[in-house]
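Participant: The structure's right below; bear with me while I get my questions together.
The numbers here are math on the coordinates, done by the rules we state, and not lab data. None of the values given here were measured: they were computed from a predicted structure. Cβ coordinates were reconstructed from backbone atoms using ideal geometry, including for glycine residues, and neighbour counts include every protein chain displayed.
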């Protein structure tokens, strides 16, 4: 082994792997932490989620107000521009607005059934074209639509779906069976996410992919599907866009699925049960699908907002705090309230960036490493802004120690615990454990892992490129009301307010628990700024090899 190779391995070991005494002596953090207050947090949440900001849809007048407000606040608390001399990173997008008169037509031998856009199916085109359609596309039920060699699972085995329409179950087999030895048991894997299912359908050459919606395995009701994907959708735009062969993607309601299977002479529940077995074989339904979309296309740009507090010792090394500023804007077709204010989701996390920036600025001694505050666009459209940053980074990924994500803070009060979404994935858990213990709290894994929350927010974009990413959520053990009460409150929000106009600021929210969480995340950031080692992913996670490889290449240069 040559000397440069030995040196590279030594550097990787020194940088990546934790050792005793990894923290330098800390300054007193209390004065800075005390600047994080419920009053300031609530005031900014109230502003960002007001009707004046028009639901914060990307590339809209609401965006202009949002990003300029954030720029002003970042300057006020003392941040420097995070992208050269600018606080903005432009994100090229294409806006695709579908004609809602579209109808999904299912042809059998003797009749044609027509299903309405919004109520019975929700679909969109992924290509930025004014017209897209499928006509008499053969329909195939492909179970969960998963190819997972590590689980010896292949729902497409022996099947050619070129030009066909695949019908897919949501989540993965472990959820339905609750078998801990099947996939990851009740905890959703990435194979259970709708994003994976479309990606696999594209790889297989399907012309369209429709996922069957069920509330429990999807983790949200049909209204969320309708509100999230109806009307105008955004995609990242680039000069190198390659048209997708899977021209239509979408969902069908459970009731629609049952009718489709009945038309094929099959029972939906029996087909669903058959898909739980490794020897499942795709089922040709003997039906044809037709669907035509007329689209209005507009190419536009949105912006990530980026501020930085330069480090005093190693300013070329970075800790990133992030939150998404966007929501769903205005739907003029709604009766009554038409503005998706997005107060909890995610004016709370966006406002937290301002509070944390102010706290870091108030430290008596500047952190050794630079602290970046990143408010990303397009999360609600599929993690667009964070994906764009992760693939067009301003700061080198190998010099980025961690990304800390904040999405929907605690509005229910103080908790005895704090949740780490994806607990056990990275060394960042150790930082949470230490900070939580100092607050007299315990750390717990996601109490509802079947929702697949690790794959549903912006930290995942960073994980996919190897950067250790942390996403905490409020605990569930309320200091007064306990766990059952908290879970009921969260469930009520999901069913009644999530991705709906009713997600509005409520002066009766108890943000004291959110302040606890932000002070905890502040401590973690301070310690990451001073630690002698880089955190890494744990053995066995899908991101560790990517991080190790990137760090090794950097060390060899």
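Participant: Ignoring everything except DSSP H segments at least 4 long, calculate the 222 nm mean residue ellipticity for the chain; use -39,500 (n - 2.57) per segment, divide by total residues, nearest 500.
Facilitator: Values: 17 runs with 175 residues, N = 557.
The helix contribution divided over the chain gives -9500 deg cm²/dmol.
Participant: With r defined as the distance between the Cβ atoms of residue 43 and residue 553 and R0 fixed at 60 Å, what FRET efficiency is calculated, to the nearest 0.05?
Facilitator: Once the sixth-power term is evaluated, E becomes 0.85.
Participant: Please report the orientation-averaged projected area of segment 34-172, defined via the convex hull of its C-alpha atoms, in nm².
Facilitator: Projected area, direction-averaged: 15.8 nm².
Participant: Translational D (Stokes-Einstein, µm²/s) of segment 192-239 at 10 °C and 1.306 mPa s when Rh comes from the Kirkwood sum over C-alpha pairs?
Facilitator: Value of D from the Cα-based Kirkwood radius: 126 µm²/s.
Participant: Can you list, bin by bin at 10 Å, the percent of alpha carbon pairs in segment 344-486, starting at 0?
Facilitator: Here the calculated profile for segment 344-486 is 10, 37, 39, 12, 1.
Participant: Here's a follow-up. For the pair residue 80 and residue 481, how long in nm is the line joining their label points, each one 7 Å along Cα→Cβ?
Facilitator: Distance between the two pseudo-spin positions: 4.5 nm.
Participant: For the pair residue 72 and residue 362, how long in nm is the line joining their label points, each one 7 Å along Cα→Cβ?
Facilitator: 2.2
Participant: Calculate the tail of P(r) for segment 466-527: the fraction of all Cα-Cα distances greater than 18 Å, expressed in %.
Facilitator: Distances greater than 18 Å cover 52 percent of the Cα pairs.
Participant: Okay, next question. What number does segment 96-297 give for Rg over Rh if you use C-alpha atoms and the Kirkwood radius?
Facilitator: In segment 96-297, Rg relative to Rh is 0.95.
Participant: Per Stokes-Einstein, at 25 °C and 0.890 mPa s, what whole-number D in µm² s⁻¹ belongs to segment 48-98, with the Kirkwood radius over Cα pairs as the hydrodynamic radius? List each step's numbers first, then the result.
Facilitator: Numbers: Rh = 12.4 Å.
Reported coefficient: 198 µm²/s.
Participant: Here is a further query. What are the principal axis extents of the Cα atoms in segment 222-272, in Å, biggest first?
Facilitator: Here the spans come out as 46, 26, 16 Å, largest first.
Participant: When each pair of different Cα atoms in segment 73-143 is counted once in the 1/r mean, what is the Kirkwood radius in angstroms, to one decimal?
Facilitator: Computed over segment 73-143, the radius equals 17.0 Å.
Participant: Once you keep just the Cα pairs under 8 angstrom separated by 6 or more residues, what percentage relative contact order results for the chain?
Facilitator: 22
Participant: Defining a contact as two alpha carbons under 8 Å apart and six or more residues distant in sequence, what relative contact order in percent does segment 323-400 show?
Facilitator: It comes to 33 percent, rounded to a whole number.
Participant: In the calculated pair distance distribution of segment 201-346, what percentage of Cα-Cα distances lie above 17 Å?
Facilitator: Pairs farther apart than 17 Å: 78 percent.
Participant: For the pair residue 296 and residue 510, how long in nm is the line joining their label points, each one 7 Å along Cα→Cβ?
Facilitator: Result for the modelled spin labels: 4.6 nm.
Participant: Determine, for 479, 170, the number of other Cβ atoms within 10 Å of each Cβ, and report the residues in order from fewest to most.
Facilitator: 479, 170
Participant: Using 0.36 nm per residue of separation minus the Cα-Cα distance, give me the extension gain between residue 129 and residue 274 in nm, one decimal.
Facilitator: Fully extending the segment from residue 129 to residue 274 adds 48.4 nm.
Participant: Given 5 Å bins starting at zero, what is the percent of C-alpha pairs of segment 147-236 in each, up to the one with the largest pair distance?
Facilitator: Percent of pairs per bin, in order: 3, 12, 20, 24, 19, 14, 7, 1, 0.
Participant: Could you state the number of Å between the C-alpha centres of segment 316-357 and segment 70-111?
Facilitator: Rounded to whole Å, the Cα centres lie 13 Å apart.
Participant: Any idea what the relative contact order of segment 96-297 is, in percent, if you count C-alpha pairs under 8 Å spaced at least 6 apart?
Facilitator: 39
Participant: How do 47, 339 rank when sorted from fewest to most other Cβ atoms within 10 Å of their own Cβ?
Facilitator: So the residues, fewest neighbours to most, are 47, 339.
Participant: Still on this model: Multiplying the sequence separation of residue 28 and residue 314 by 0.36 nm and subtracting their Cα-Cα distance, what value in nm do you get? Walk me through the numbers before you get to the answer.
Facilitator: On the way: separation 286, 0.36 × 286 = 102.96 nm, distance 2.05 nm.
Stretched out fully, the residue 28 to residue 314 stretch lengthens by 100.9 nm.
Participant: For segment 428-557, what is Rg from Cα atoms divided by 2.2 N^0.38 Å, rounded to two decimals?
Facilitator: 1.26
Participant: Something else: Rounded to whole Å, give me the distance from the Cα center of segment 254-302 to that of segment 513-531.
Facilitator: Result: 45 Å between the Cα centres.
Participant: Would you mind checking the radius of gyration and Dmax of segment 347-413 based on alpha-carbon positions, in Å?
Facilitator: Over segment 347-413's Cα set, Rg and Dmax evaluate to 13.8, 40 Å.
Participant: Specify which labelled value, from (i) 27.5; (ii) 24.6; (iii) 31.5, agrees with Kirkwood radius over Cα pairs in Å derived from the coordinates of the model shown.
Facilitator: The listed entry that was calculated here is (ii).
Participant: Also: Quick one: Debye curve from the alpha-carbon atoms of segment 103-190 only, equal weights, vacuum; give me log10 I(q)/I(0) at q = 0.14, 0.19, 0.20 Å⁻¹ to two decimals.
Facilitator: Summing over Cα pairs of segment 103-190 leads to -0.71, -1.03, -1.07.
Participant: Which of 485, 229 comes first, and how do the rest follow, when ranked by fewest Cβ neighbours within 10 Å?
Facilitator: Listing 485, 229 from fewest to most nearby Cβ atoms yields 485, 229.
Participant: For segment 484-557, state what percent of all Cα-Cα pairs lands in each successive 5 Å bin, counting from 0 Å until the bin that includes the largest distance.
Facilitator: With a bin width of 5 Å, the distribution comes to 3, 11, 10, 13, 13, 11, 12, 13, 8, 4, 2, 0.
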